[in-house]
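> This is the structure I want to talk about, given as structure tokens.
The values are calculated or read from the model by the stated rules, or taken from the named source; none is laboratory data. As the structure is a computational prediction, the values presented were derived from the model and not from experiment. Using ideal geometry, Cβ is built from the backbone for each residue, glycine included, and neighbour counts are taken over all protein chains shown. The area values use the complete protein model at the heavy-atom level, side chains included, leaving out ligands, DNA and RNA. Shrake-Rupley method; radii C 1.70, N 1.55, O 1.52, S 1.80 Å.
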Amino acid sequence: MALARRGKKHEEHVNHERWLITYADLITLLLVFFIIMYAMSKVDVQKYSVLAQALNLQFQKADSILDKNHGISGSMTPKQGDADSKDKDYTQHNQDEQKEEHDKTKPEDSEKDKREKELQDLLKQIQTYITDQKLESQVSAMNTERGVAITLNDLFLFDLGKADLKAPSFPILQKLASLFPTLKSKVSIEGHTDNLPLAPGSPYKDNWGLSFARSLSVLRYFSDTAKLDDKKFIATAYADTVPKEPNTSDTNRSKNRRVEIIVLRDEIKPTTPTQ
């Protein structure tokens, strides 16, 4: 019997608790995973993908009794629905940033819109006044690229060859003066003549002198009589260089003799002298 026992092969001992090691690794990794997920305030798609790949790699390295070593629920790659949700969050974030960037420039755009509305309201009020007073043959107002242009016929404002304002022109000038203070725009007052030389004995050397004296007379009405800030106004002379019609007839020449009051759309900044 003793010999028989010695002749038997000693059976190899089998460790039936090996699965506990894999199970313990799995529980530890899951604990780390949920701690990281809890600590992240916002899941980013790229960060989530890196984390998933790292955890998936650790699952594959560990000893496991599960098929293909892919963990409990298979691949750790985020689902398409989750990725789409994160993409939407990212898109919304970009839109919010763009809105913030737009809001930074909004005050400037709002200022331009406000100025444009002021010009259009001014134009309507002047056109209504011209119609009500039946001044269409002597005064006109229109919207131009430079701004709102009010054109006054020279004989409505002055006697022939002179630059002293006539009394009938005071009501329209006073109406304009009542509208200007609320505007932030500059007002350019521009004198124009025809191409005929001045009569002998004129106090002005030529049409340049006459056109400038006329624009200056209108400016002084606004500054001296209406007591408006003279820094708001610009006096300019063009003589016969900017005709509305060719100077080929008396009718055309009468259209060219005018004063234009232009409420400018764009702000004019004074030139700063260089040192």
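> Which residue is modelled with the lowest pLDDT, if the candidates are limited to the range 38-60 and must be among the hydrophobic types (A, V, I, L, M, F, W, C) and under 42 Å from the mean Cα position of the chain (by Cα)?
Residues of the range 38-60 among the hydrophobic types (A, V, I, L, M, F, W, C): 39-40, 43, 45, 50-52, 54-55, 57, 59.
Now restrict to residues that are under 42 Å from the mean Cα position of the chain (by Cα): 39-40, 43, 45, 50.
Working: Ala39: 73, Met40: 69, Val43: 57, Val45: 67, Val50: 75.
That would be Val43.
> Just the residues that are over 19 Å from Asp132 (Cα atoms), touching a residue at least 12 places away in the same chain (Cβ under 8 Å) and either part of a strand (DSSP E or B) or open to solvent by 20 Å² or more (accessible area, probe 1.4 Å) (or both), please, taken from the range 149-174.
Across the range 149-174, the qualifying residues are Leu155, Gly161, Asp164, Leu165.
> Looking only at residues in the range 131-148 that are touching a residue at least 40 places away in the same chain (Cβ under 8 Å) and open to solvent by 20 Å² or more (accessible area, probe 1.4 Å), which one is farthest from Ile261 (Cα to Cα)?
Here the answer is Glu145.
Residues are listed down the side, and each one gets a yes or a no for (1) within 13 Å of Phe158 (Cα to Cα); (2) free of Cβ contacts under 8 Å to residues at least 12 places away in the same chain; (3) open to solvent by less than 60 Å² (accessible area, probe 1.4 Å); (4) of a type outside the set (A, V, I, L, M, F, W, C):
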position	(1), (2), (3), (4)
Leu176	no, no, yes, no
Leu179	no, no, yes, no
Ser185	no, no, yes, yes
Glu190	no, no, yes, yes
Asp194	no, no, yes, yes
Ser202	no, no, yes, yes
Ser211	yes, no, yes, yes
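> Does the range 189-210 contain any residue that is under 23 Å from Glu116 (Cα atoms) and in contact with a strand residue (DSSP E or B) (Cβ under 9 Å, 6 or more places away or on another chain)?
The answer is yes, given that some residue of the range 189-210 is under 23 Å from Glu116 (Cα atoms) and in contact with a strand residue (DSSP E or B) (Cβ under 9 Å, 6 or more places away or on another chain).
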